[in-house]
1. Could you say whether any residue in the range 211-223 is surrounded by 13 or more Cβ atoms within 10 Å (Cβ to Cβ) and over 29 Å from residue 131 (Cα atoms)?
2. Answer yes or no as to whether residue 26 is in contact with a strand residue (DSSP E or B) (Cβ under 8 Å, 6 or more places away or on another chain) and either touching a residue at least 12 places away in the same chain (Cβ under 8 Å) or surrounded by 19 or more Cβ atoms within 10 Å (Cβ to Cβ) (or both).
3. Restricting to the range 29-50, name every residue that is touching a residue at least 24 places away in the same chain (Cβ under 8 Å), part of a loop (DSSP other than H, G, I, E, B) and more than 20 Å from residue 87 (Cβ to Cβ).
4. Would you tally the residues in the range 60-77 being more than 14 Å from residue 8 (Cα to Cα), out of contact with any Pro (no Cβ under 8 Å at 6 or more places or on another chain) and of a type outside the set (Asp, Glu)?
5. Which of the residues that make up the range 180-192 are surrounded by 10 or more Cβ atoms within 10 Å (Cβ to Cβ) and part of a loop (DSSP other than H, G, I, E, B)?
6. Can you tell me which condition residue 158 does not meet? The list is (1) crowded, with 23+ Cβ neighbours inside 10 Å; (2) more than 20 Å from residue 8 (Cβ to Cβ), and all the others hold.
7. Can you find a residue that is open to solvent by 30 Å² or more (accessible area, probe 1.4 Å) and under 14 Å from the mean Cα position of the chain (by Cα) anywhere in the range 55-77?
Amino acid sequence: MTKKNLEIGVLVFPGLTHLDVSGPCEVLARLPNARVHLLWKDTKTFLSDVGLPVTPSLAFDECPDLDILCVGGGPGMTSILNDEEVISFVASKGESARYVTSVCAGALILGAAGLLTGYKSACHWLMLDLLEHFGAVPTPERVVIDRNRISGGGVTAGIDFAIAVAAEVCGDNIAKSIQLFLEYQPKPPFDLTIETAPPELLDPIRSEARPWLERRRQAVEQAANTLREKAAA
């Protein structure tokens with residue numbers, strides 16, 4: 001008997017952070033019978049936030065029912081938080097997916113689609129507090145699992161996140177085998193975390209981020225208002 005494909009849909013969009021999706025894809029594509037679809041409005045090539053080309057594999061209207069929906073973040077997400085076509089697509093696919101997942105600020109897109117209300121979620125540390133606008137519970141951990149919602153923190157957490165998803169979907173042994181094959185044993189050159197970093201390193205990051213964070217906050221507030229209006233209708 002032919003085994004059913006494991007359908008994995010990854011939302012991509014102009015201005016995304018490439019590692020938010022390429023890290024998870026590297027892991028999830030190695031699951032048994034996995035088919036990974038890069039999803040956008042059309043299949044035209046666009047650029048990531050640092051100029052890497054990305055070519056979606058399926059347009060929204062070609063997307064099959066999904067076992068796993070995954071959404072990453074990046075500067076481009078600010079403009080799609082209030083894009084009805086994108087948010088409606090994410091809401092529809094998220095409602096029927098077995099697992100609804102995100103990396104970095106992709107959690108905000110899930111939130112705008114009404115998929116995180118009452119759920120714990122990780123997010124990039126600069127934007128973690130914005131989750132509250134969507135009724136989510138901000139959780140400052142690298143990987144957060146709350147029922148069928150699985151989320152990763154900022155950017156590089158996507159690899160840890162994907163290995164956790166692999167374990168949930170296919171069991172620990174398969175996840176461990178993928179981790180070993182990819183030789184995932186990170187040893188960063190600096191023993192540094194958000195919790196241990198001194199103010200002289202953190203303060204300039206926060207200062208530089210302030211203008212675009214304010215734009216994102218405004219977009220989040222608008223999306224949250226739209227979500228409340230839909231719920232009240």
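The values are calculated or read from the model by the stated rules, or taken from the named source; none is laboratory data. Just so it is clear, the structure is predicted and the values come from calculations on it, not from any experiment. No Cβ is skipped: glycine too gets one built from the backbone with ideal geometry, and neighbour counts run over all protein chains shown. When the accessible area is computed, the model is the full protein with side chains, heavy atoms only, and any ligands, DNA or RNA have been set aside. Shrake-Rupley method; radii C 1.70, N 1.55, O 1.52, S 1.80 Å.
1. Checked against the condition, which is being surrounded by 13 or more Cβ atoms within 10 Å (Cβ to Cβ) and over 29 Å from residue 131 (Cα atoms), the range 211-223 yields no hits at all.
2. Considered against the rule, which asks whether it is in contact with a strand residue (DSSP E or B) (Cβ under 8 Å, 6 or more places away or on another chain) and either touching a residue at least 12 places away in the same chain (Cβ under 8 Å) or surrounded by 19 or more Cβ atoms within 10 Å (Cβ to Cβ) (or both), residue 26 comes out as no.
3. 30, 31, 32, 33, 48, 49, 50
4. Summing the residues that are more than 14 Å from residue 8 (Cα to Cα), out of contact with any Pro (no Cβ under 8 Å at 6 or more places or on another chain) and of a type outside the set (Asp, Glu) in the range 60-77 gives 4.
5. 182, 184, 192
6. Condition not satisfied by residue 158: (2).
7. yes
To keep it simple, each residue is scored yes or no on (1) of a type in the set (A, V, I, L, M, F, W, C); (2) not in a helix (DSSP H, G or I).
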site: 194; (1), (2): yes, yes
site: 200; (1), (2): no, no
site: 203; (1), (2): no, no
site: 207; (1), (2): no, no
site: 211; (1), (2): no, no
site: 214; (1), (2): no, no
site: 217; (1), (2): no, no
site: 224; (1), (2): yes, no
site: 228; (1), (2): no, no
